[in-house]
Every structure is written in structure tokens, then in C-alpha cells.
Amino acid sequence: MMKKTDSSYFNMNSFKEDNIRAVDAKFEAQKIAFAPLCFQAVRAMLELGLLKAIEESGDDGISRKELSEKTGVSEYGAGVLCEMMLGMNVIKLAKQADEERFVIGKTGWMLLEDDLTKVNFWFTNDICYQGAWDLTASVKNGKPEGLKVFGDKWTTVYEALSTLPEKAKKSWFEFDHFYSDIAFPEALPIVFAEKPRTMIDIGGNTAKWSISCCRYNPDVRMTIVDLPGQTAVAEKNAAAAGFSDRISFCTGNVLDSTTKLPSAPDAVWMSQFLDCFSLHQITKILKKV
């Protein structure tokens, strides 16, 4: 919980007050107006190796010509991207150099090295970016219209997970695991405080939670409920971890009225599962549980 004395960006009062000066509001609005182009410029810097080359140049920095020679990108192309990165504070100019030489900025370092930033960036790029074009239609129609980027036969992204392109699949799971895995050590003692012997893991994904439970408690038996593509992967992972005898599977869509859950478990785990659906769908899941 935040203390009242915390001067935090997430202070709730910031949502109630609008004290920004008009000139600053206009500047913030320009950031929004150009945000998609800024994002793509960063992606180009990353994929072309330009940002990494600048980081590797250290405090001495690197000139446009040297950057072009090192990466194989035209001097003009490298220069255009670097000028945009300067405006975004991703890179800086070397202080001691007589000529224009680029050095990595703190923001640029985060884009290259910070795990949180990397999983968020590539998840946005590989999973969300193209589909976001249809956000207006998605909100209006109440369904993920942008999902057609990955095919036209899916009703939710979860059904598409096992068939995603490898790069997109990698970005999805790295994002998913980054946020869930760090919570496991704190969640496990709470979940096992009443010593459940059987647990249903709804939305078990790659079986990471179920495997963690089996390692934490030698007696618990887990049942993963998920779509066919996910349970196939989960079954392989459970076997590789040595828990085939304690992790079983119930394949099906929990939102489908025909999918029956195993009866009378001691506990049901849903992780972030309820964060991902509408109130109507959440109600259906909880009634089924």
C-alpha cells in the first residue's frame, strides 16, 4: 500500500487533478500523436543492431559513418533514426567529442538490458501492435476483431496460442511468465496454508504453476484445465519435470458450457485468468467453479 506521504506517480490524486500547464499538455499530446512512429523507430534501431552498436561504443560514442560501417545500414538511414532517438532521449551526444558522436542514454539502456522493458516491448510488437488497429471495432462489437492477424477461426487469443508464429509465441510466453513467475514464491505459502491435497489449475498454460506446486508440496495432486494446444505442451513439461503421476489434465474451453470441471477439489487456482475476460465471462467461470 502507498503511504499518504509518498509522492508517487500512481498517487490516486493525480487522476482527479488537472494541474498541467497548457504548453506541457500540448507537448504530452505530441508524444501521443507520434507514439506509433516512435515505437517503430525504436524497433528498427533494435532489429538493425544500431542501438546495440551505440551501447558497445561506450563513453567515446560512435559517429554516423562508423555506425553505418559497423551495422551495414546506410549512413542516411542510421542518421534519420538516430536523430529521432535523440529527440526521445534514447541516445545522447558524447560530451567530450568535437564531432557528433552518439552514446547510449539511460532510456536506451533500459530498452536493451532491462527485462521488464524488453518483455513489454516485444509483447506489444509481436502480439498487440497490428491487432490494435481494430481496437475501435473490438470495443464497439465486444469481441477481439484484431485477432484476425493470427487467423480468422479464433474467438480468443488463447485458442490461437499453440499456432502462433514462433516469434510471437516466444514474446507471449516471456511476457506471461515474467509477471506470473515472480509471484509464485509469495503465493505458494498462502495457497498451501490450509494444506490442499487436490487442486484444479484453470488456465494452466505451460504447467509452470502446477509444477511449482508439486515441488512445494510433496502430497498435492494437480489437474490442469486448458485448451488442447496448451494441455499438450503442459503434459510434456509435467513429464519432463518428473510429475506425470501427480499432474493430470482436463482438456476443454472453460467458457464452454459443455466443459465439466473435476469434482470436489480442495482448491481452485486461476492465476491471472479472471483478469483476461469480461464480467459476464468471469461470472460464468466462477459459477462453474
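The values are calculated or read from the model by the stated rules, or taken from the named source; none is laboratory data. Remember, it's a predicted structure, so these values are computed and weren't measured experimentally. Because the Cβ atoms are built from the backbone with ideal geometry, glycine has one as well, and the counts that use them run over all protein chains shown.
MET110 meets the conditions (1) modelled with pLDDT under 95; (2) in a helix (DSSP H, G or I) in every case but one. The failed one is (1). The helices (runs of 4 or more DSSP H) found entirely in region 1-103 that carry 3 or more residues being under 30 Å from CYS128 (Cβ atoms), of a type outside the set (Gly, Ala, Ser) and at pLDDT 95 or above are 22-47, 50-56, 75-87.
This table checks each residue for (1) crowded, with 16+ Cβ neighbours inside 10 Å; (2) outside the structural domain of VAL157 (by TED's automatic domain parsing); (3) on the phi > 0 side of the Ramachandran plot; (4) in contact with a helix residue (DSSP H, G or I) (Cβ under 7 Å, 6 or more places away or on another chain).
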site: ALA35; (1), (2), (3), (4): no, yes, no, no
site: MET45; (1), (2), (3), (4): yes, yes, no, yes
site: LEU51; (1), (2), (3), (4): yes, yes, no, yes
site: GLY58; (1), (2), (3), (4): no, yes, yes, no
site: LYS70; (1), (2), (3), (4): yes, yes, no, yes
site: TYR76; (1), (2), (3), (4): no, yes, no, no
site: LEU81; (1), (2), (3), (4): yes, yes, no, yes
site: GLY87; (1), (2), (3), (4): no, yes, no, no
site: PHE102; (1), (2), (3), (4): yes, yes, no, yes
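Restricting attention to region 139-184 and to residues that are of a type outside the set (A, V, I, L, M) and in contact with a Gly (Cβ under 6 Å, 6 or more places away or on another chain), the residue that is farthest from CYS276 (Cα to Cα) turns out to be SER162. Residue count for region 237-247 satisfying the condition of being small (Gly, Ala, Ser) and surrounded by 18 or more Cβ atoms within 10 Å (Cβ to Cβ): 1. In region 122-131, the condition of being crowded, with 16+ Cβ neighbours inside 10 Å, of a type in the set (Phe, Trp, Tyr) and free of Cβ contacts under 8 Å to residues at least 24 places away in the same chain is met by no residue.
For region 218-233, which positions are polar (S, T, N, Q) and either surrounded by fewer than 18 Cβ atoms within 10 Å (Cβ to Cβ) or under 16 Å from GLU159 (Cβ atoms) (or both)? Before you say what the answer is, go through the steps one by one.
Residues of region 218-233 that are polar (S, T, N, Q), as a first pass: 223, 230-231.
Correct list: GLN230, THR231.
Inside region 186-213, residues that are within 22 Å of ASN120 (Cα to Cα) and surrounded by fewer than 23 Cβ atoms within 10 Å (Cβ to Cβ) make up a count of 3. Restricting to region 219-245, what's the tally of residues that are free of Cβ contacts under 8 Å to residues at least 40 places away in the same chain and either β-branched (Val, Ile, Thr) or over 16 Å from ILE202 (Cα atoms) (or both)? So the answer is 14. Taking region 162-276 as the region of interest, the helices (runs of 4 or more DSSP H) fully inside it that hold 1 or more residues being out of contact with any Ser or Thr (no Cβ under 7 Å at 6 or more places or on another chain), modelled with pLDDT under 90 and over 27 Å from LYS148 (Cβ atoms) are 166-181.
Note on region 150-161: among residues that are part of a helix (DSSP H, G or I) and not small (Gly, Ala, Ser), the one that is nearest to VAL268 (Cα to Cα) is TYR158.
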